[in-house]
Amino acid sequence: MLVTISTTMYPATDLGFLLHKHPEKLQSFPVTAGTAHVFYPEATVRRCTAALLLEVDPVALVRGTRGQAAESFTLGQYVNDRPYAASSMLAVALSRVFKTAMSSRCDARPQAAAAPLPLELHVPALPCRGGADLAGRLFTPLGWQVAASPIPLDPRFPDWGDSRYVDLRLTGPMRLADALNHLYVLLPVLDDAKHYWVSTDEIDKLVRAGQGWLAGHPERDLITRRYLAHQAQMQRTALARLAEVDDSAADALDNATDEPRVTQEPDRAQSLAELRASAVLEALRTTGARSVADLGCGDGKLLVPLLADTTFTRVIGTDVSSRALEMAARRLARMAERQQERAELFQSSLVYRDDRLTGLDAAVLMEVIEHIDPPRLAAMARTVFGFARPGTVLVTTPNAEHNVRYATLAAGTFRHRDHRFEWTRPQFREWAAGVAGKFGYTAAFLPVGSEDPEVGPPTQLAIFSRTDTTGSDR
Amino acid sequence: MSATNREIAIPELSLVALVGMSGSGKSTFARRHFAPTEVLSSDFCRGLVADDENDQAATRDAFDVLYYIAGKRLAAGRLTVVDATNVQADARRQLVEAARSQDVLPVAIVLDLPEQVCAQRNAQRQDRQFGQHVLRRQHDQLRRSMRSLKREGFRHIWVLKTPEEADSAVVTRVAMFNDLRDETGPFDVIGDVHGCLEELEELLAMLGYAAERDQAGRLTGASHPQQRKVIFLGDLVDRGPDTPGVLRLAMGMTAAGNAFAVAGNHEAKLVRALRGRDVKTSHGLAESLSQLDAAEAAEPGFRKNVERFLDGLVSHYVFDAGQLVAAHAGLKEAYHGRASGRVRAFALYGDTTGETDEFGLPVRYPWANDYRGRAMVLYGHTPIPEPEWVNNTLCLDTGCVFGGRLTALRYPERELVCVPARRTYYEPARPLVAASAASAASAASAASAASAASAGPAVPAASAGPAAEVRRREPDVLDIGDVLGKRIVQTRHHGRITIAERNAAAAIEVMSRFAVDPRWLVYLPPTMSPVATSQRSGLLEHPAEAFAAYRSAGVDAVICEEKHMGSRCVAVVCADERVAADRFGIEDGSAGAVYTRTGRPFFSPELTGRLLDRLRGALTRAGIFDELASGWVVLDAELLPWSAKAEDLIRDQYATVGAAARAALPAVIDVLERAAASGRDVDALLASMRAREANAHAFTDAYRRYCWPVSGLDGVQLAPFQLLASQKATFHDHDHRWHMKLAERLAAADPLLFLTTRHVVTDVTGEDEATKWWEELTRSGGEGMVVKPLANYVRGPHGLVQPGLKVRGGEYLRIIYGPDYTQAANLDRLRVRNVGAKRSLAAREYALGLEALDRLVGGEPLWRVHECVFAVLALESEPVDPRL
């Protein structure tokens, strides 16, 4: 909500000319999010400070066109930090109020506008996702001296640690226009929040504001990714509403299509997902299966190679997440019509039996079981091995022993935030043997990815083969 | 009606084929004797598909339509008449197939009128000019048909030869043999007797029947002083010591109207043997035959009577307005009240897969697991050590002849009465094992069957006390068809409630990925609406609106309960693991569950177990299990602190907002003060920012009140406010004082865990007192209060009355509406809120919750309970203003 710009150039009051805002006055401008005020807490020839204060209207933020609160908004949009934090809204206000200064035009003081000035910027509540040191990584390469001190989350509860905010001070000789453009781009990047209230022609704006400094920035990729990543996602999903009912953040439930924390083996070019998919396809081909279901197909990555191989005459993808199925449907829609004709995609659940899944040659549970609460695993086994009873069931799951090989994965952390467990090789084998014995299957095991002599492969694969011809157990 | 009128009797549910040449008067006959919607005419269907009733090129499509409609009608149990010539064997074969595929009886009514009559009638019709050769051909086909109708499968054939006969015929509809819907009981339903007369006699005596004997002292009947009636589930005969004695008693009781009997497979075989057919005399038949020979010697004619009795046995009965079905080997819903060969085969032999198991016995498809019918199905046939409810079906064959017990179910009481066998009369081919183990064995390897066998014949459990429920075997997984797609749930308190497909789709994801086992998830609490918006200055909510709402709903007294700020929590607590296994079918050693408003567990299994131990201890010490005569209870409560469940949310959302405000506002005020000191006119802005800073502090204080650290169970508190259900009853008809008392007893039993709820009881005019109390509560940081009708469940002139209205405190609402909501300009805009949608949702969810509990306590199958619980979750994903 606040940024101050100070200079000690001589005369410091020339800052008023450069910003095109008179130091003696309080000036207010209506902006989308509320009202932007510009005023000068100090204005002497030795030191001059301009303050931009964005007064956010919290109620207007979430009101629809009819003046009534839109019902599709999440609670988080009603109670949020936007009125206080230096977010994209402040960046937008900055660009509105200091538009001319950002283009480095100043007819009255052209030399000062073109030259580096002794500047100090202060942003007292800067949301900084990724830790205080990210601010340093973004601003230091641009020539700033950076002081970012973290704000505690709540002094009453010290063990909650720091909040995502820092008190940021940038000092250095810098052209004023550059300084403003840095803030304009990097405030939303550090915030890394969804741009609920920003217009959509963001790429052009980024190119314009990043001229001369973004191309060579060592964190360029992070900056562009974050700047452009968060397209407005204003609709509250049904799942997010259920999360809210339970006092949880929306993504605590709505995370079926989230990426895992670990996606790659350190020394392998192929991603883990690719390694798994090829191991599963290989095993499926070996069994001679014609009809195959990918249970928990997610966004449908495995369905593509299955449909590309005509030995699979019937390919079913199921998932319990509607969102995942929408993504999978989009993926399939890009395939040839004849391939699509062999595909079926529908919502199903691994803990409800489903007649549509009986009579298949094979079923794949690729990185699925670890998303099931252990007390519910028996129901999954009953559904898949007892009712659906395909000839072959392929199950892949992480090998927990291998986790020590991932430098970025903190000890005791699972590879995906939704994992309910990760098993060692003996644990997986014990479970698999139990299921196989109970439901009339045999289980064989294969490594996926290169087998580490000490901790084994990154992923383990079990191949269950039905031993009898007994039909569905009801 | 003259004596010459032909009476044509047809079964109530049948497919009637009218057979006759063009012009024989079929349509006229159909119009006279059947409702227009009962008659499907091929001409009409030709018109439907071709705009021309006489377009012979459309015949094929027309019959496709006709059979499609016939199929739908018959599936729905509606008599259907097909008005077509039906003179060709091919056409009739399709009709017989259509009837059989819906398990109804095919009936033919033939209008075999003289050819000249038909020709004359056709000649009079403008629209139909057949050549003479067409009629000639139809006439020949009809001639040939007359001989083959019986062979083709028509069960009733009526032939009308003259126009007079056709005109004067009277069609009467007769009830199906299996239709005893008018018999409403009460009944005592007895499983397989197999000639065990002594045990049967003892059981009847236990059930209160008075025995009747002939002069020779033989048991010939029994009657009940309260006119209860026995239903024998078949297999009265074979294997046991006194088949003739059992038959004599059963025959006497059925003849006197004191009993009904359905046929078992052993009766079917015995009757064939008695008629001299060549049947293998294994499985105890030889003993029966020699016993019957001896009986015949003592009582000439007895054998013939037995043969007549057995021959007349129907394979299944539907009783009590369709609510009870008795069949020897059970019956799936589609076959109830139907008649066909396969219906009879199912009822007699069960749903066999055609395979045999390692003991040489047929493998039976466990049809009961799929059963979704409303009728209770009682059956025998497969001996089991202990009866278990499976989806409203119950097998009552407890293997008396094999040394088990003879069991009866009292209907509608659903109580079991049994007597042990005097001895083992016959060695079973397969040891008696629990049905659940047996079904696992049938599906899986021989290993599990062998291990069951090595455990030896199961010892019957100690006879159940009066309070014990019949064991339930809940399926460990339900069918996705029970929940997916658009659904309509019929509730007793709020009619039909529709669940949109998109909401079900969201609910199934949460249910599958996050919720506890559906066998524990017997209830989810409804959402609660706030009061209508207050217009008082500085407030959004005030008690006045709650009182006004209840006054206008006709409620006379209310209770105001302190609203604890925690997380809504449902606790299912069993007295022990055995209750968990018997009542909930959970056999993993857990004895209860504690879950959130969306069915997610609050704690890890280990911590949940410890919490349940505490709950169980308190319930036991407070004497509540005993008092309710129940081994389990379901409690509705608030679990505190809020931070126990919501800490992530509090940190990510609320504390974060506080931190941002704390960092930003002092800096803002600082620069404004400096600007003011140097003479800028920023006073208004400064004042506004100072107010915001104060609001931000108040906001932080608001959420802090509901956070305290917990470690394991230390610091966790539970404030129960309703007992939802026990084995015998639901409690929404108990007033809230009763529930508060119960909570106080729990708190007395475990003061560290339980928190009582402060409350005020008043009539609906006591608004001032309640307001003062509410102001005190909220001034000291309370969330607010909930106003409820004191009587608890109340219906008003407009149906269900809201079970509670929340009146939240001004400070608490900062958490909901934001730190600055109290500013006048903000409040004015926030007052535009619509509580209507929330109210409607709250009422529907309340009704679904009550329905779930009623179904649970009524012993209905799990899928029926789950349907309601799932619907609550689905409704919760409806978009309503989340701040309400």
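What follows draws every value from the coordinates through simple rules; no lab data is involved. Everything numeric here is computed off the predicted structure, so don't read it as measured data. In this analysis, Cβ positions are derived from the backbone assuming ideal geometry, glycine residues included, and neighbour counts consider all displayed protein chains.
Tabulated results
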read-out	value
In sequence order, calculated HN-Hα J values of segment A:25-34 (Karplus, 6.51, -1.76, 1.60; Hz; x Gly/Pro)	10, 8, 10, 10, 10, x, 10, 3, 7, x
Residues A:Val45, B:Val39, B:Val516 arranged by fewest to most Cβ contacts within 10 Å	A:Val45, B:Val39, B:Val516
Residues in segment B:675-689 that a label on B:Ala825 would reach, taking backbone N under 13 Å of a point 7 Å out along Cα→Cβ	B:684-689
Average Cα contact separation per residue, chain A, under 8 Å, 6 or more apart, as relative contact order %	9 percent
Spin-label model distance (nm) - B:Val134 vs B:Glu307, 7 Å beyond Cα toward Cβ	5.4 nm
Spin-label model distance (nm) - B:Ala687 vs B:Arg758, 7 Å beyond Cα toward Cβ	3.6 nm
Within chain A, helix-based [θ] at 222 nm, where runs of 4 or more DSSP H residues each add -39,500 (n - 2.57), nearest 500	-8000 deg cm²/dmol
Cβ-defined net charge surrounding B:Phe870, 10 Å radius [Lys, Arg +1; Asp, Glu -1]	-1
Length gained when the stretch B:Arg795-B:Arg275 is fully extended (0.36 nm per residue, less Cα-Cα span)	180.8 nm
Which of A:Leu170, B:Leu539 has the fewest Cβ neighbours within 10 Å, and the rest in rising order	B:Leu539, A:Leu170
Additional length obtainable on full extension of the chain from B:Glu606 to B:Ile69, 0.36 nm per residue less Cα span	187.6 nm
Label point distance in nm, B:Ala216-A:Gln145, each placed 7 Å from Cα along Cα→Cβ	12.2 nm
Euclidean distance between Cα centres, segment B:661-681 to segment A:82-128, Å	19 Å
Theoretical ellipticity at 222 nm over chain B - DSSP helices of four or more residues, -39500 (n - 2.57) apiece, nearest 500	-12500 deg cm²/dmol
Inter-part distance where segment B:842-867 and segment B:493-560 are each reduced to a Cα centre, Å	16 Å
Rounded if a/c under 1.5, otherwise prolate or oblate - segment B:691-814, Cα gyration tensor axes	oblate
Global form of segment B:1-133, assessed from the alpha-carbon gyration tensor, a/c cut-off 1.5	oblate
Residue-wise HN-Hα coupling along segment B:606-612, computed from phi with Karplus coefficients 6.51, -1.76, 1.60 (Hz; x: Gly, Pro)	5, 5, 4, x, 5, 5, 5
Relative contact order (%) - criterion: Cα under 8 Å, at least six apart; region: chain B	10 percent
Length added when fully stretched, B:Ser148-B:Arg125, from 0.36 nm per residue minus Cα-Cα	5.2 nm
FRET efficiency, A:Asp221 to B:Arg502 (Cβ-Cβ, R0 25 Å, nearest 0.05)	0.10
R0 of 45 Å, Cβ-Cβ distance A:Thr313-A:Arg261: FRET efficiency to nearest 0.05	0.75
Residues A:Val455 and B:Gln490, FRET efficiency given R0 of 60 Å [Cβ-Cβ distance, rounded to 0.05]	0.60
Mean-position separation - Cα centroids, segment B:366-422 and segment B:602-624, in angstrom	34 Å
Partners for B:Lys72 among aspartates and glutamates (Cα-Cα distance below 15 Å; same-chain residues under 8 apart left out)	B:Glu38, B:Asp64, B:Glu97, B:Asp103
All lysines inside 29 Å of B:Lys229 as judged from Cα atoms, apart from same-chain residues fewer than 8 positions distant	B:Lys269, B:Lys304, B:Lys332, B:Lys728
Net charge of neighbours whose Cβ lies under 10 Å from the Cβ of A:Thr318, counting Lys and Arg as +1 and Asp and Glu as -1	-3
Sorted by Cβ density within 10 Å, fewest first, the residues A:Met366, B:Met206, A:Met335	B:Met206, A:Met335, A:Met366
For segment B:179-432: relative contact order, % (alpha-carbon pairs under 8 angstrom, 6 or more apart)	22 percent
Global form of segment B:70-163, assessed from the alpha-carbon gyration tensor, a/c cut-off 1.5	prolate
Net charge contributed by nearby residues that have their C-beta within less than 9 Å of B:Gly25 (K/R +1, D/E -1)	+1
Anchor A:Lys99: lysines whose Cα lies under 23 Å away (excluding residues fewer than 8 positions away in-chain)	A:Lys21, A:Lys25, A:Lys205
